[in-house]
Amino acid sequence: MPVELEPWPELEGLGDKTSSFRLTLSKDDDRRALVHPALWALVGLSSLDLSAVGLRRLDAEHPSTEEGMDDDCIEVPAAPPGLRQLKSLRDLALADNVLGPVLQPDGVLHGLSSLRSLDLQGNALASLPAALVSLTALNSLNIGRNQLQELPWISFSLLPELRLLVAPYNALAGAAVPPGVAMPPALKELSMRGNKLTEEVGLAPLGNLQMLCSLDIAENALAGLPQELATGCPKLSRLDVAGNPFVDKKLAKLAEGQSEQAAAKPILEVLRKGQSRRQMKAEKGSSSKQVQHAPRLYVPVASARKDEDSDDEVAAIPVAKSKKGKKGKGAKAPTLTKVSSGPAIPRRIVTVSRDVLAVRPHFLAVLLHVAVDQTLAIKGEAADSDDDQPKCVSPHFFFAEGCPDDAESAEFNNNFESCLGLLESGVGGAGFGAGSDVVSSAVATATDRLKAFVAAQTRIHAAPDLGNKRRAGALGAHNAEKVSWPLRFQAIPHDEVSFAPLSIGWMQEKGVVSAGAFAREAVAGRISGAPKDVSDALQRPAAQLLSMPLCPHLTDAQGKVLSVHPLSNGWETRNTADAHSCVLLECSSATSEATCRRMLLALIRDAIELIEGGDCVASLEKRKVRLLVEPVDVVCEWDRHLLRAEFPNHEELLSLPPLPAYCGAMAADCKDGNSDSCSD
């Protein structure tokens, strides 16, 4: 809630014509933990300096529940005018305050489209605000002396004017840059001095910085430097590497004796080992890596996917280039290089808008497929005209064992799905004629597995090292049969998002509400038509949602809202016990893509154990039931060739549990005779 603040005497006499303001405090002056609202009336400001004044937040609000208040104190957060009022602001200095670990309020920097310089150094920040991507004019960013363990390179890559990035003395460890990440196109100067970088391969993406002139990676723990710095970066003239424990004696000697100018040329010559840049590029391009096959990789049937989707709904999986392979004359290289063991196959995509990147920038999705050795024919059904063979059905996701040997397949499936439908409607499932004991057992198994699947999501949401009560990330799971591709992750005003929340969706037309209204009810702990425990569980995510300037949500190609992040999934695409073959998982985070990856991998592992670890071992083994994983690409809405993320990547696929022993050396690719169960 707003705090009654003492007036800032420094603001007296200033008005909307004031172009510059710097708050300077003496040692005897009281610190300013909050910003007086009168500052936001200076709408003509082009320069604002609030460095070293003790700021903890960039508004006049009390700390939220997330910082220690009781649940009973949760209130609907009003969207404060704040910095967003200062449309002409070009230079903003907030150095040496106490704004960490997370800049508050959420979205405070959103929409400062004129901002050219931002100084956030010395604030104990553990993450950078998502709203950075909305600062399209940003030229200079200083984030030194914080507690950052990773840098949001994907967000930086969307800043077309960023030329200076200063990030010394943080906690950056391991690889400086994840593999395959796009880089800021105009970056000229980069400093990562005084961190804990150890992996030279993590510097390799810097070789894509064509404009880079100065690089400072001194005082780290690097044992070597990547050759990419020598093959790329044609303008690199300053390279400071002092204070690293290099293994190469020549490199160590150069680092030890480096002058203040830190000329790059001697170091680059050592990396080239007497070769020219052109020779090194040619040598690097001629080598090809042998890539280990990922057994759980699901490869869709290309013909089926092409028939189903138009060209602009999917992204082609690039083919690994062989030694003798050549690109076609008109071929367009993909933004990121990926490895595939087969021909180019259409891949599912999710587009992300620039607005959603400014409020919740990290989003991943993946498809889980239950695959079987062969689908069982439904006895008595009409035969196909082409091959005179019976039609086939795809396996149920939560009961892939299928029809027992002693039951009629068509009757079993009809009774199974009818029983589940009645149970979901609240009607008893007894008395289904012959074989009802078998059907009842199958229904109970499928229902229990669905409950266990939902419980796994709840557990991952609550885990401190994963979702952290949805503060760190939020999962969604959907029946893929009810989803139309491509998907779109976007952000618009809260009251303009209409959806049927999972907790009240059964109420038909009464269940369709605006995200804003639903979130306000959730914050108050009184959701119409929802149990009290559900209302209580959604209070914190609802407050988090309402603190954002826009509402992030996922829609399909027909405009159906699948989920509102981090609050609720939609009713229309919910998973049910009779779901067929494929489930869509998605995850978003305001702070970390790595968190999304950990949460999704945890849920995939739980799903594998759930589907392949059933009690009906003989049935599972007979049909060779296994769970396969289909990666989904996340691309930019304004340019679908600009890949933001791919999940899971090849290494993550290899990290999953091996296929069941009864699958033997079976390849995970779809079989020609199993196209019904391997395509959506």
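When you check Lys17 against the structure, is it of a type outside the set (Phe, Trp, Tyr) and free of Cβ contacts under 8 Å to residues at least 24 places away in the same chain, yes or no? In short, no. Those residues that are among the polar types (S, T, N, Q) and at pLDDT below 85, I need them from segment 162-179; list them, please. None - no residue of segment 162-179 is among the polar types (S, T, N, Q) and at pLDDT below 85, so the list stays empty. Under the condition of being of a type outside the set (D, E, K, R) and loosely packed, with under 15 Cβ neighbours inside 10 Å, the residues counted in segment 464-483 number 2. A residue that is among the β-branched types (Val, Ile, Thr), modelled with pLDDT of 85 or more and open to solvent by less than 30 Å² (accessible area, probe 1.4 Å) cannot be found anywhere in segment 72-79. Among residues of segment 616-656 being part of a loop (DSSP other than H, G, I, E, B), within 30 Å of Val352 (Cβ to Cβ) and open to solvent by 40 Å² or more (accessible area, probe 1.4 Å), the one that is modelled with the lowest pLDDT is Trp638. Scanning segment 205-234 for residues that are open to solvent by 20 Å² or more (accessible area, probe 1.4 Å) and part of a helix (DSSP H, G or I) returns Asn208, Glu228. Answer with yes or no whether Glu609 is modelled with pLDDT of 90 or more, over 18 Å from Phe453 (Cα atoms), open to solvent by 10 Å² or more (accessible area, probe 1.4 Å) and not hydrophobic (A, V, I, L, M, F, W, C). No, not satisfied. Residues that are open to solvent by 20 Å² or more (accessible area, probe 1.4 Å) and not in a loop (DSSP other than H, G, I, E, B) within segment 113-133 comprise Ser117, Asp119, listed in sequence order.
Residues checked against (1) in contact with a helix residue (DSSP H, G or I) (Cβ under 9 Å, 6 or more places away or on another chain); (2) under 26 Å from Val512 (Cβ atoms); (3) open to solvent by less than 30 Å² (accessible area, probe 1.4 Å):
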| residue | (1), (2), (3) |
| --- | --- |
| Pro552 | yes, yes, yes |
| Ala557 | yes, yes, no |
| Leu567 | yes, yes, yes |
| Arg597 | yes, no, no |
| Leu603 | yes, no, yes |
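Counting only residues that are out of contact with any strand residue (DSSP E or B) (no Cβ under 9 Å at 6 or more places or on another chain) and hydrophobic (A, V, I, L, M, F, W, C), segment 37-58 holds 8 of them. If you go through segment 445-463 and pick out every residue that is out of contact with any strand residue (DSSP E or B) (no Cβ under 9 Å at 6 or more places or on another chain), under 16 Å from Leu601 (Cα atoms) and open to solvent by 30 Å² or more (accessible area, probe 1.4 Å), you end up with 4.
Cβ-Cβ contacts under 9 Å between residues 6 or more apart (or on different chains), taken from a first residue in segment 361-374 that is modelled with pLDDT under 90 and of a type in the set (Asp, Glu) to a second residue that is open to solvent by less than 10 Å² (accessible area, probe 1.4 Å) and part of a loop (DSSP other than H, G, I, E, B), are listed as Asp373/Val625. Scanning segment 636-648 for residues that are touching a residue at least 24 places away in the same chain (Cβ under 8 Å) and out of contact with any Ser or Thr (no Cβ under 6 Å at 6 or more places or on another chain) gives Cys636, Trp638, Arg640, Arg644, Ala645, Glu646, Phe647, Pro648. In segment 26-43, the residue that is nearest to Arg116 (Cα to Cα) out of those that are open to solvent by less than 90 Å² (accessible area, probe 1.4 Å), in contact with a Gly (Cβ under 8 Å, 6 or more places away or on another chain) and not aromatic (Phe, Trp, Tyr) is Leu42. Please find, among Gly100, Gly54, the residue that is modelled with pLDDT of 90 or more, small (Gly, Ala, Ser), part of a loop (DSSP other than H, G, I, E, B) and surrounded by fewer than 18 Cβ atoms within 10 Å (Cβ to Cβ). Testing whether each residue is modelled with pLDDT of 90 or more, small (Gly, Ala, Ser), part of a loop (DSSP other than H, G, I, E, B) and surrounded by fewer than 18 Cβ atoms within 10 Å (Cβ to Cβ) leaves just Gly54. Look at Ala524 and say whether it is out of contact with any Phe, Trp or Tyr (no Cβ under 7 Å at 6 or more places or on another chain), surrounded by fewer than 18 Cβ atoms within 10 Å (Cβ to Cβ) and touching a residue at least 40 places away in the same chain (Cβ under 8 Å). So Ala524 passes the test.
The values are calculated or read from the model by the stated rules, or taken from the named source; none is laboratory data. Everything numeric here is computed off the predicted structure, so don't read it as measured data. No Cβ is skipped: glycine too gets one built from the backbone with ideal geometry, and neighbour counts run over all protein chains shown. Accessible surface areas use protein heavy atoms only, side chains included; no ligands, DNA or RNA. Shrake-Rupley method; radii C 1.70, N 1.55, O 1.52, S 1.80 Å.
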